[in-house]
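Enquirer: Quick one: the structure is below, and I'll ask about it shortly.
Bear in mind these aren't lab numbers, they're just calculated from the coordinates by the rules spelled out. These figures come from a predicted structure and were not determined experimentally.
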Amino acid sequence: MTYQERTQTVTMKGICILLLCFGMAAARNCYGNHNGLTETDVILLVMNDLDKDESQQVTETEFIHEFITNYDQDRNGRVEEHEFIHEWHSRYHDDKEFPRLLFHVLRVTSNQYLVIENVPAMMAKFDINGDQRLSYGEVHEILMKLYRTCIQEP
Ligand SMILES: [Ca+2]
Ligand SMILES: [Ca+2]
């Protein structure tokens, strides 16, 4: 084997290992993250942003403050899909398909936006034990399920 052939073999092995790593990453989560954050990293950041008083529980007030007030960029009292996607993407760096999917899960009516009146129904999607508060475990459970569902929006 010539030096050139050996170099080619090594390069090919490197490319194969690289492809294998990408393959494993793709199987783990259908959505990419531009900052290399894992789903667990993002869920922790989301929980930190939601749980303002660090009580380890998200109340309705905290949920409204975060997902309605902070995401409503044009301050018209509604969070439109593009606002939600833009805000989530710029904060957590997930591919835009993920916040798009989450928006459709949170949008509990046929309206094309999120509003305060729908917050109890939005929270109910996460509130597994029905105590009207969201624990880290509950937020983790639902978001992780979404990360792994891999539903592509039409
Ligand atoms: Ca708005
Ligand atoms: Ca709960």
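Enquirer: Leaving out same-chain residues fewer than 8 places away, which aspartates and glutamates sit with a Cα under 17 Å from that of Lys125?
Expert: Partners within reach: Glu60, Glu62, Glu66, Glu117, Glu138, Glu141.
Enquirer: Same structure, new question: Only Cα pairs under 8 Å and at least 6 apart count here; give the relative contact order of region 31-149 as a rounded whole percent. Show your work: numbers first, answer last.
Expert: On the way: 130 pairs, mean separation 36.9, N = 119.
Value for region 31-149: 31 percent.
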